[in-house]
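Undergrad: Before I ask anything, let me first share the structure, which is written out below as structure tokens.
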Amino acid sequence: MKLYTKTGDDGTTGLFGGGRVPKASTRVDAYGTVDETNAFLGVARTTGLPPAIDAILAPIQEELFTLGAELACVPGKEGRLSMTPIGAADIARLEHAIDEADAACPPLKSFVLPGGSPQAAALHVARTVCRRAERALLAIDDAAPRSMLVIYLNRLSDLLFVLSRLANLETGVADVPWVPHPR
């Protein structure tokens, strides 16, 4: 079987469950941005993250693939997927990881700029793309996404923020504080 099908040469793509949509549709934008988040997590994982942080991210990459698969379905056909959808237990696990990582970090005294260590900077990029994925999800105009998906991406971006701080802490690099210039 060839990798290319040529069915998308007309500017459309197929959804799971049948039907085609323009590649510029809000649904394709949403699952594409989820995929982009996943790719940036893959990049972050190549930077030499502390093993505990990498262990948190590994299942998240699989969950993002599941989330994207749900979005790549014809609305109403998601039940035909042969995978467990993102649910409350996944969100609770993210919240637990947020709480643990936050407890390990010094209290925030200012806003933090993306940067510090290469590991933290990569996690910040993943965080900002995750926020864009959340906005794209909310912009889907053919059917509202399940609330669990919105909550998951919201928690994930929070987790990526605190993991960037933890990566800086564990690599011995200070967070970069935002210091506004007075007028």
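Undergrad: Amide H to amide H, which residues 5 or more places from Phe16 or on other chains are under 5 Å from it, using H placed in the peptide plane?
TA: Hits under the 5 Å cutoff: Cys73, Val74.
Undergrad: Along the charge dipole of the range 3-75, which of Ala58, Ser25, Ala39 sits closest to the positive end, that is, farthest toward it, with unit charges on the beta carbon of Lys, Arg, Asp and Glu (+1, +1, -1, -1)?
TA: The residue sitting most towards the positive pole is Ser25.
Undergrad: Can I ask one more? Using modelled backbone amide H atoms (1.01 Å from N, in-plane), which distant-in-sequence or interchain residues come within less than 5 Å of Val176's amide H?
TA: Correct list: Leu113.
Undergrad: Quick check on the range 6-77: what are the equivalent-ellipsoid semi-axes from the Cα gyration tensor, as sqrt(5λ), descending, whole Å?
TA: Square roots of five times the eigenvalues give 30, 13, 8 Å.
Undergrad: Quickly rank 25-34, 110-119, 50-59 as a protection proxy: mean count of other C-beta atoms within 10 Å, highest first.
TA: Put in order of decreasing packing, that is 25-34, 110-119, 50-59.
Undergrad: Sorted by mean Cβ packing within 10 Å, highest first, what order do the peptides 68-74, 99-105 take?
TA: 68-74, 99-105
Undergrad: Using only the Cα atoms of the range 121-181, what do you get for the radius of gyration and for Dmax, in Å?
TA: When restricted to Cα atoms, the range 121-181 yields Rg and Dmax of 14.7, 47 Å.
Undergrad: Just need log10 I(q)/I(0) for the range 53-94 at q = 0.17 Å⁻¹, Debye formula, equal scatterers on the alpha-carbon atoms, no solvent, rounded to two decimals.
TA: Taken in order of the listed q values, log10 I(q)/I(0) reads -0.50.
Undergrad: Computing the accessible area with a 1.4 Å probe over protein heavy atoms, can you report the carbon and sulfur percentage for the range 1-49?
TA: 59 percent
Undergrad: Determine the dipole magnitude for the range 55-183: charges of +1 sit on the beta-carbon of Lys and Arg, -1 on that of Asp and Glu, nothing else is charged, the reference point is the Cα centre, and the result goes in debye to the nearest 20.
TA: 400 debye
Undergrad: Less than 13 Å Cβ to Cβ from Leu15, Lys/Arg counted +1 and Asp/Glu -1: what total charge do the surrounding residues give?
TA: Local net charge: +2.
Undergrad: How long is the chain along each principal axis, judged by its Cα atoms, biggest number first, in Å?
TA: 51, 40, 35
Undergrad: I've got another one for you. Run the accessible area of the range 63-183 with a 1.4 Å probe and give the carbon-and-sulfur part as a rounded percent.
TA: 60 percent
Undergrad: In addition: Tell me, what is the per residue accessible area of the range 98-183 in Å², probe radius 1.4 Å?
TA: 54 Å²
Undergrad: Over all distinct Cα pairs, what is the inverse of the mean 1/r for the range 28-130, reported as the Kirkwood hydrodynamic radius in Å?
TA: It is 15.2 Å.
The values are calculated or read from the model by the stated rules, or taken from the named source; none is laboratory data. Computed from a predicted structure; not experimentally measured. Using ideal geometry, Cβ is built from the backbone for each residue, glycine included, and neighbour counts are taken over all protein chains shown. With ligands, DNA and RNA removed, areas are computed over all heavy atoms of the protein, side chains included. Shrake-Rupley method; radii C 1.70, N 1.55, O 1.52, S 1.80 Å.
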